[in-house]
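In what follows, a single structure is set out as structure tokens and then discussed.
The values are calculated or read from the model by the stated rules, or taken from the named source; none is laboratory data. Note that the structure is predicted; figures quoted are calculated from it, not measured. Cβ placement follows ideal geometry from the backbone for every residue including glycine, while neighbour counts extend to all protein chains displayed.
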Amino acid sequence: MPTKTATTKKAAPKKPTTTKAEATVRTMSPAFNKVVTVLARSEGVEPPNPEGRGFGSCALKVRGKIFAMEVRGALVVKLPKARVESLVADGTGSYFDPGHGRLMKQWVSVEPDAAPWLSLAKEAYAFVR
């Protein structure tokens, strides 16, 4: 009678571990990923929270205040009212509407190719900080 040969299963290779911040960055557009990567090193900046829910969970914050986020593929930043008016007037962006029909006077939404996102996000950080 033939004998059974014992087979040993090889352990599955371990998946590389990632931090929560890295996991979040992967779900963002490459343009916003760059903004997060650079500004997350700035003093007092809180990167997006992958475990958070609701408005602002995927935003950059300083001292708990949102200054930049990606919404529906556009960068949304908080800037002085006059600066937002200027960006809207020259066609770079539009007033941000969080979804309830009320346009925000200090928030501008900028499409990916309309202006350099990193410089606008740095400007927003300086304003909110």
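Which one is nearest to the chain's Cα centre (by Cα) among residues in segment 75-112 that are within 22 Å of Asn33 (Cα to Cα) and modelled with pLDDT under 95?
Ranking the qualifying residues of segment 75-112, first place goes to Pro112.
Conditions (1) at positive phi; (2) small (Gly, Ala, Ser), marked per residue:
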position	(1), (2)
Met69	no, no
Asp90	no, no
Ser94	no, yes
Gly99	yes, yes
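Identify the residue in segment 102-129 that is without any contact (Cβ under 8 Å) to a residue 12 or more places away in the chain and hydrophobic (A, V, I, L, M, F, W, C) and, among all such residues, is surrounded by the most Cβ atoms within 10 Å (Cβ to Cβ).
The residue in question is Met104.
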